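Visitor: Here you go, one structure.
The values are calculated or read from the model by the stated rules, or taken from the named source; none is laboratory data. Quick caveat: nothing in here was measured; it's all calculated off a predicted structure. Cβ placement follows ideal geometry from the backbone for every residue including glycine, while neighbour counts extend to all protein chains displayed. Remember, those area values only see protein heavy atoms, side chains included, never the ligands or the DNA or RNA. Shrake-Rupley method; radii C 1.70, N 1.55, O 1.52, S 1.80 Å.
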Amino acid sequence: MRRVKTGSRTPYIILIAGFFAILGSTMSKSPTLPLYAQSLGLGKGEIGLVAAASTVTGIFMNFASGLLSDVYGRRKLLKMAGFVFLSAPLLYFLTDNALSLALVRVYYGVATAIFVPVSFALVSDLYPDHKGTFMGFLSSSTLVGRALAPVLAGSIIYFLGFSVVFVLCSLTGLVVFALTFRFPETGGELKRFEFTFSGELLLIGLLDAAVYMAYQGIETFLPLFYYLQDKAWLSGLILTVEIAIMAVVKPYAGYLSDRVGRIKPIVAGMTMVGLAMFVFALSESLSLVVLGAVLFSVGASISEASTKPLATEVSRLRGTALGFLESIKDIGQALGPVLIGFLGLRIGFALIGMFGILSLGLFLFARPGRKV
């Protein structure tokens, strides 16, 4: 792999872009999307379908954007993502029904589906010897944006209305779009489209899918635990603490992954995720829920800080590998709330915990352990 010269400000530019990208995209949906959809007269079923639109986009677009960045280069794809972050929020002003709102969410989903895998591939290109550490910092910057967004958007909606939120989301997109012109150019090493399917990548993807099945399940159903139903502020605080822990732990977990290898942290992290799900399944008190949230956030941080770097090491197509990983992750993220919704809190969380442990076992015993 060819080395790319980077300036001393390059890491900060990428981290700032990551922060504003996820800050704006999260503000546009949490809590903005359901409230705005309700103001348009949409029912709960329509709101659910609209909310799922951007996730479905991600399932298909993550892989495609990663592959395209291997062919045409990272910066070109990230500029496209920046333009979508800039333009998509303004399209909310044109929506007046479920279909138009869903189409805007599909378009918006293109931005994150490009930005996430391609920005991580860029970091992998720039810092091959410390990719775990720098991927951890990038992940933390996005988590800070994700944590701040609901409070900021909710306050703006309450005092100023939806229009100000949409304009602010567009301004954050403008910042991202401008910063992408400062990114180094990497990738673009493939002369034609190609992808050799890797069973090892699929095994790594199953681990991330299990993590995000759990994450989305917690985010969706934590407020519905019977001892939290009349304490919305407390469930929100627990979720905020969960994200804060992940933001703090991920850079350290990435550094640990660079030092001791990828496998040991994955084993430790996925074991903690599985145990956390069983704690949620058996929770009969607030203290157990808090324990489960802390255990999950630490375990998920440790595991994910190793799965992404590992994906770039088992395939020479780094962008494609990370895009494939994100697509599998999005499938898990979409399935988590569905499983818990139909099976109930106890059985649903236990099943996700079993899936996480089984995925870890399959990863350990079936991975070929060689580059492709």
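Visitor: Count, please, the residues in segment 333-358 that happen to be surrounded by fewer than 24 Cβ atoms within 10 Å (Cβ to Cβ) and over 21 Å from ILE263 (Cα atoms).
Guide: Summing the residues that are surrounded by fewer than 24 Cβ atoms within 10 Å (Cβ to Cβ) and over 21 Å from ILE263 (Cα atoms) in segment 333-358 gives 16.
Visitor: Since ALA210 meets every condition but one in (1) open to solvent by 10 Å² or more (accessible area, probe 1.4 Å); (2) at pLDDT 95 or above, which condition does it not meet?
Guide: It fails just one condition, (1).
Visitor: Can you pull out every residue in segment 97-113 that is among the hydroxyl-bearing types (Ser, Thr, Tyr) and buried (at least 24 other Cβ atoms within 10 Å of the Cβ)?
Guide: Matches in segment 97-113: TYR108, THR112.
Visitor: On to the next question. Could you identify the single residue in SER301, SER287 that is outside any loop (DSSP other than H, G, I, E, B) and over 30 Å from TYR127 (Cα atoms)?
Guide: SER287
Visitor: Residue check, PHE363 against (1) under 18 Å from GLU219 (Cα atoms); (2) open to solvent by less than 10 Å² (accessible area, probe 1.4 Å), all met but one. Which one?
Guide: (1)
Visitor: Scan segment 321-340 and give yes if some residue there is free of Cβ contacts under 8 Å to residues at least 24 places away in the same chain and assigned to a helix (DSSP H, G or I), otherwise no.
Guide: Checking segment 321-340: at least one residue is free of Cβ contacts under 8 Å to residues at least 24 places away in the same chain and assigned to a helix (DSSP H, G or I).
Visitor: For GLY24, are the conditions met, namely being open to solvent by less than 60 Å² (accessible area, probe 1.4 Å) and either under 23 Å from ALA247 (Cα atoms) or not in a helix (DSSP H, G or I) (or both)?
Guide: yes
Visitor: Given the residues PHE19, PHE63, which is the only one that is among the aromatic types (Phe, Trp, Tyr), crowded, with 17+ Cβ neighbours inside 10 Å, within 20 Å of the chain's Cα centre (by Cα) and at pLDDT below 90?
Guide: The conditions single out PHE63.
Visitor: Return the residue satisfying two criteria in turn: it lies in segment 217-254 and is among the aromatic types (Phe, Trp, Tyr) and surrounded by 14 or more Cβ atoms within 10 Å (Cβ to Cβ), and of such residues it is modelled with the highest pLDDT.
Guide: Per the stated criteria, the residue is TYR252.
Visitor: Within segment 81-101, can one find any residue that is hydrophobic (A, V, I, L, M, F, W, C) and farther than 22 Å from LEU168 by Cβ?
Guide: yes
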